[in-house]
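Below is one structure, written out as structure tokens; comments come after it.
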Number of protein chains: 4
Amino acid sequence: MDTVGVALIGSGRMGAFHAETLARRLPHARLAAVVDPAPDAAERLAGALGADRAYTDVAQAWDDPAVQAVVIAAPARSHADLVVAAAGAGRHVFCEKPMAVTLPEAGRAIDAARSAGVVLQVGFNRRFAADWGAARALLDDGTLGTPRLLRSLTRDPGGFDPSRVLPDTIFLETLIHDFDTLRFLNPGAEAVEVSAVGDALVEPGWRDRGLLDTAVVTVRFDNGAMAVAEACFEAAYGYDVRGEVLGSGGMATMGDGRRSGMAFSGPAGRLVETVRGDQELFPEAYTAELAAFVEAVRQGRPAPVTGEDARAALAIALAAAESVRTGGPVRVEK
Amino acid sequence: MDTVGVALIGSGRMGAFHAETLARRLPHARLAAVVDPAPDAAERLAGALGADRAYTDVAQAWDDPAVQAVVIAAPARSHADLVVAAAGAGRHVFCEKPMAVTLPEAGRAIDAARSAGVVLQVGFNRRFAADWGAARALLDDGTLGTPRLLRSLTRDPGGFDPSRVLPDTIFLETLIHDFDTLRFLNPGAEAVEVSAVGDALVEPGWRDRGLLDTAVVTVRFDNGAMAVAEACFEAAYGYDVRGEVLGSGGMATMGDGRRSGMAFSGPAGRLVETVRGDQELFPEAYTAELAAFVEAVRQGRPAPVTGEDARAALAIALAAAESVRTGGPVRVEK
Amino acid sequence: MDTVGVALIGSGRMGAFHAETLARRLPHARLAAVVDPAPDAAERLAGALGADRAYTDVAQAWDDPAVQAVVIAAPARSHADLVVAAAGAGRHVFCEKPMAVTLPEAGRAIDAARSAGVVLQVGFNRRFAADWGAARALLDDGTLGTPRLLRSLTRDPGGFDPSRVLPDTIFLETLIHDFDTLRFLNPGAEAVEVSAVGDALVEPGWRDRGLLDTAVVTVRFDNGAMAVAEACFEAAYGYDVRGEVLGSGGMATMGDGRRSGMAFSGPAGRLVETVRGDQELFPEAYTAELAAFVEAVRQGRPAPVTGEDARAALAIALAAAESVRTGGPVRVEK
Amino acid sequence: MDTVGVALIGSGRMGAFHAETLARRLPHARLAAVVDPAPDAAERLAGALGADRAYTDVAQAWDDPAVQAVVIAAPARSHADLVVAAAGAGRHVFCEKPMAVTLPEAGRAIDAARSAGVVLQVGFNRRFAADWGAARALLDDGTLGTPRLLRSLTRDPGGFDPSRVLPDTIFLETLIHDFDTLRFLNPGAEAVEVSAVGDALVEPGWRDRGLLDTAVVTVRFDNGAMAVAEACFEAAYGYDVRGEVLGSGGMATMGDGRRSGMAFSGPAGRLVETVRGDQELFPEAYTAELAAFVEAVRQGRPAPVTGEDARAALAIALAAAESVRTGGPVRVEK
């Protein structure tokens, strides 16, 4: 297969970025179609990027022979069904995180892809970011030794709408990245127990409605390693993603967050601008994950981030949400 | 009072550093005596530093009118009794952490100092380190806003003797620093609940005997802030102490751990040497805390770190130890 | 004009990168042809990137109506003639630095482009790098005030063949970047006098044949600012490009040189890997300069880096070379 | 000799710091006397630090048997005569830089100390700063290989009085530090030729009176290494001292200039406070150089920074001043 025709499903902020990657940044991908229930949105994006088709129903994509694969960037709660549908239609699937919001759903998605023999990759983009890849290389070559303490954190620049945040969102949509990162940085180990606290600290007025905008999760792994995942929906200085592994051989730290290497030294001291958003921080990683997906499809190789990875991160997220409700540690479901 | 005569109790590694500070680094302090049950040790240190007296029994210090204050650097489990004895003898007290290992002991030490009207200061030296002081200044002037997420960690360079480490040591002697730091960085707030995990990851062979050499503690404060304290008895790269506060106004990070500002760029990349021990990292802070103690004594002012601070940090440490035993969250005793 | 058809002239290392940019990274460019006197080289690159044509003679490109513009990446000494030829054929020109190696040549190239009304842009890619752009923004908005002291340096990772290095190469091909950078960071000012030293320090055995592999150039500008440009053909740690401006309002520093934000702390200290080559350091800048060229062509706008800029940097380079020969300061020709 | 009695000559800003070091920071030094032509100044400082004597005439110090050594911190142009006088009186001498302002003066000072058999040390404090010492260690152990390119710079925080600055001050009093640093970082090599530019950029209105507040000096060494020394009397961000050595084995960089390791990340980005003055940047180095002097006196060892070092740095400074006057390169006098 020389070039992979891909339909983008969901033309929102992240979908638009992926669509542009497919249309312009990947020599072996082709943006075959844009699917969005809002006809204007689908057509506008398709037109801007030169996609051949704009569909309002995914079923149209299944009928389109130019579509060999899909990138799912629709709302989270529709992901698992879309994976099942795409696999059922024999299409390879790249699905934004979370792939599913319940474990049974995750199982169905995995099974569907396996039965159909299609590639299923999940959008844990940090695995493709330079810092994280470099740390993983030090784990793989033994430099870092056995992980003992890990950390992963995500802080958003703020400006969210509290009325649209469900209590589990911080676990299922934000910290799910960190849970995957912790697994990525502790290769071969699995989480066994989780203990979490969460609260509405950015928007205390919404606490009574169950808003969680800040959370800390402790994760114990079956190799003894302890990890902390932490998130907050508002950081005054922008978008902040960091990681750390302390192993028996040393420590790797990831995530500097500066906008460029330029520093201004003035009357107040030395100032480095900080990154303000995910697409500013991770453009290469977002591109690299789709490039890897396209190559997996072209070469008939397994995806570098699998449905099983998505399920494992989801299991941690669900345990964390449960831990906040029960106030105690929760076992991670296998 | 022009110069304060101080007896150093306990001539071990930290005691020797404090003795040298008293003898040489503080213009308004005088090393009046060294007390150590081992006569050789007391005499050797006293001789090297020009102290007038070497005692093997603290009672001798109480009889010495040249001794106006004591610095207690004896083993941790003797601290509280020594504070009570010194206060009973009318001497001002600087006590290394932990001031006590049980809350009743801590109460007795506080009461004794109060009754005697002597200064009681505890050795939480990080409060006097430049990075931490600068962060606190940003809290005090409102720049950081209300704290939401805090972190404090301690990693030792390794080489410890597992047979000498009690299960609670990591909480009572190591993380006690971090618990105090978290209180220092969340001014006016108090810890309400603690959840901890701990294990023998550096020395897994000692796990069955209850060794804890690695621990992660989540602390919730009464202002809603969440904090993580973390410790490990071995870091391949040396001695590592860091802190972080995310507040509504921004973030302060503390603790860089580099030995100097010199960087070597060679075939492997850019290398900065890291600090290897506490006395290398904190010489100014160790000196500054004693300078502050001496000034409090001279001016008749309260100590900048009190017995109550010691008790509050101890309460968190005891709750953390209990949380490891019970496997669930533990309320912090008032 | 929707898409600009571009012929790449010179399929060497840098030419191949530019060709790939034209073929894959720029939505509004099309790699119309590859021109290289070596037929295999031209065809191989054209084939790999899907260019329609491979030519061994530039005259063929002038006959090809699909070629609206050229990117010149042939050997330096052919640049000016190629610019003149391309302009004469009515093609827009992006020319790698140096655009010319004598001032009369530079003048002819500028005149040819002007007469033909084509865009002429020169490959001073640092202007498009994030650090340098951010510093320039601080100059443009007045934050940095009036420049007083500037610095720009280039260090290559080594491995060059001394037999292929002419005495002036370090000025005409390497430091020409730094001379342009200094002008870019001192907007509106022009160099008036240059004083330079140079030597064979990497390859002392070649000193007698006039090899210069290390040089330091002091440049005085007509606004009083003093600048230092410095180059060495070998740095054990890789490819190093840095800049600095001290102005009345503060200082901007550019160029960190690290490979990623990942740091490894191990027994030797904290290690950050360093960048090893120009294409690793500047991929975005190399892409952005061609994007800007394509937009200038499409919009009929002037190029952001002009032939006059190339001539001004060349005048400094020639003065520097002369200064090494004469051992004293040399006026920069207008 | 157990303790060295030292008279401080010149009770200005730097003198007061040295006096305090002698009185309080060095266990084996004693501040025996303070000498200052202004009786109030001498007595005030002596009183504050518990010195036994306050003199208005150095001759009084020569009559005082408690004075075994002197620290000269009087105005620069009196240094050489004071060294000669102290040596003539058999006193060991620590002299602030510059030790002399002409080469014959420097020769007389060196000769006087040698004849008298006294220790003569010069106040090039950067040799005692951690960053610089660490870089030198990498030169001494061969890690850096042979130096090729060096840099040393000094920037003051501003606020100087232009009417008190002589044209040569920037070379004789400021850059003299950098010239010594370059020699320190190029062990065994000597400067052979200097080329300098200088101007009044901070205070352009004073240019006509010969004020130089900004200068760049290129120095060639007899081992081929090229160096740049650079100074400016005003930096908006404080006091800035940096160094760099590129050798065949790699690069060492020195001088970070941050006030502490605390960073504040807020709406504007990440901010690190910068150092504002020499005594803030170099307290340990200022103390260490006097400690080394006192030990040299006590042990009868040679000084770690000699009169010959002072003369060699002076020769570079004089050549730089001459180069500004003549507009061309100047040989450094042996």
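The values are calculated or read from the model by the stated rules, or taken from the named source; none is laboratory data. These figures come from a predicted structure and were not determined experimentally. Don't worry about glycine lacking a Cβ; one is built from the backbone with ideal geometry, like all the others, and counts go over all protein chains shown. The protein model used for the area step is the full one, side chains on, heavy atoms only, and it has no ligands, DNA or RNA in it. Shrake-Rupley method; radii C 1.70, N 1.55, O 1.52, S 1.80 Å.
Once you charge only the Cβ atoms, +1 for Lys and Arg and -1 for Asp and Glu, what is the size of the charge dipole of the range C:218-289 about its Cα centre, to the nearest 20 debye?
For the range C:218-289, the charge dipole is close to 280 debye.
If I take every Cα pair under 8 Å that is 6 or more residues apart in chain B, average their sequence separation and divide by the length, what percent do I get for the relative contact order?
Details: 745 pairs, mean separation 63.9, N = 334.
Worked out over chain B, it gives 19 percent.
How large is ³J(HN,Hα), in whole Hz, for each residue of the range D:272-284 in order, when computed from phi with the Karplus curve 6.51 cos²θ - 1.76 cosθ + 1.60 and θ = phi - 60°, using x for Gly and Pro?
10, 5, 10, 5, 10, x, 5, 6, 6, 6, 10, x, 5
I'd like the orientation of helix A:130-140 relative to chain A: the angle between its Cα long axis and the longest Cα principal axis, in ° from 0 to 90, rounded to 10.
70
Taking every residue in B:254-261, how many Cβ atoms of other protein chains lie within 10 Å of its Cβ, on average?
6
What base-10 log of the normalised intensity I(q)/I(0) is obtained for the range A:97-233 from the Debye formula, alpha carbons as equal point scatterers, at q = 0.09, 0.19 Å⁻¹?
The Debye formula, applied to the Cα set alone, gives -0.32, -1.18.
What is the percent carbon and sulfur in the accessible area of chain B, measuring with a 1.4 Å probe over the protein chains and ignoring ligands? Don't jump to the answer; show the numbers that get you there.
Numbers: 5680 of 11490 Å².
C and S atoms contribute 49 percent here.
Restricting to the protein assembly as shown, compute how many DSSP beta bridges are antiparallel as a %, nearest 5.
Approximately 60 percent, going by the DSSP bridge assignments.
Can you list, shortest first in nanometers, how far C:Ser115 lies from the same residue in the other copies, with each label 7 Å from Cα toward Cβ?
From this label point to the equivalent ones elsewhere in the assembly: 7.5, 7.9, 10.6 nm.
Could you size up the charge dipole of chain C around its Cα centre, putting +1 on the beta carbon of Lys and Arg and -1 on that of Asp and Glu, and report it in debye to the nearest 20?
420
Give the span of the range D:231-334's Cα atoms along each principal axis, as three whole-Å numbers ordered largest to smallest.
If we take the Cα atoms of the range D:231-334, the spans are 56, 47, 33 Å.
Using a 7 Å offset from Cα along the direction of the beta-carbon, what are the separations from A:Gly158 to the same position in each other copy, nm, ascending?
Values, ascending and in nm: 3.1, 4.2, 4.9.
Given the peptides D:211-218, B:74-81, arrange them by the average over their residues of other C-beta atoms within 10 Å, most packed first. Spell out each step's value before the answer.
Details: D:211-218: 26.1, B:74-81: 18.6.
Ranked by mean Cβ neighbours within 10 Å, highest first: D:211-218, B:74-81.
Looking for one value pair here: nearest-to-axis residue in chain B (by Cβ) for the rotation onto D, and the distance in whole angstrom.
B:Arg25, 4
Please give the contour-minus-distance gain from B:Gln60 to B:Leu103: 0.36 nm per residue of separation, less the Cα-Cα distance, rounded to one decimal in nm.
12.6 nm
Mean projection of the alpha-carbon convex hull of the range A:32-96 over all orientations, in nm²?
3.9
Tell me, what HN-Hα J-couplings in whole Hz come from the Karplus equation 6.51 cos²θ - 1.76 cosθ + 1.60 at θ = phi - 60° for each residue of the range D:217-234, using x for Gly and Pro?
So the Karplus estimates, Gly and Pro as x, are 10, 9, 10, 9, 9, 6, 9, x, 4, 10, 9, 10, 10, 8, 9, 8, 7, 8 Hz.
Within the P(r) computed for chain A, what percentage of the Cα pairs occupies the region above 30 Å?
Counting every Cα pair in chain A, those more than 30 Å apart make up 36 percent.
Taking amide H positions as placed in the peptide plane 1.01 Å from N, state which residues far from C:Gly250 in sequence (5 or more) or on other chains have amide H under 5 Å from it.
D:Ala236
Quick one: what does P(r) look like for the range C:278-329 with 10 Å bins over all Cα pairs, in whole %?
Each 10 Å bin holds this share of Cα pairs: 21, 28, 30, 17, 4.
Per residue of B:137-148, what is the mean number of Cβ atoms on other protein chains within 10 angstrom of that residue's Cβ?
Mean inter-chain Cβ contacts per residue within 10 Å come to 2.
When N counts the residues of the range A:152-283, how does its alpha-carbon radius of gyration compare numerically with 2.2 N^0.38 Å, as a ratio?
1.18
At a Cα cut-off below 23 Å, give the lysines reachable from D:Lys334, other chains included and same-chain residues fewer than 8 away excluded.
Hits, sequence-local ones excluded: D:Lys97.
Relative to 2.2 N^0.38 Å, what does the C-alpha radius of gyration of the range A:73-142 come to as a ratio? Two decimals please.
Taking the Cα Rg and dividing by 2.2 N^0.38 Å, one obtains 1.29.
What does the convex hull of the Cα atoms of the range B:23-169 come to per residue, in Å³, rounded to a whole number?
Cα convex hull per residue, to the nearest whole number: 186 Å³.
Measuring from the lowest to the highest alpha carbon on each principal axis, how far does the protein assembly as shown reach, largest first, in angstroms?
98, 82, 48
I'd like the accessible area for A:Leu45: 1.4 Å probe, protein heavy atoms, all chains in place, Å² to the nearest 10.
For A:Leu45, the solvent-accessible surface is approximately 30 Å².
Return the inverse of the average 1/r over all pairs of distinct C-alpha atoms in the range D:175-237, which is the Kirkwood hydrodynamic radius, in Å to one decimal.
12.8
In whole Hz, with x marking every Gly and Pro, tabulate ³J(HN,Hα) for the range B:38-43 from phi via Karplus 6.51 cos²θ - 1.76 cosθ + 1.60, θ = phi - 60°.
Here the 3J(HN,Hα) series is 7, x, 4, 4, 4, 5 Hz.
What is the Cα centroid distance between the range A:98-141 and the range D:192-226, reported in whole angstrom?
Here the answer is 60 Å between Cα centres.
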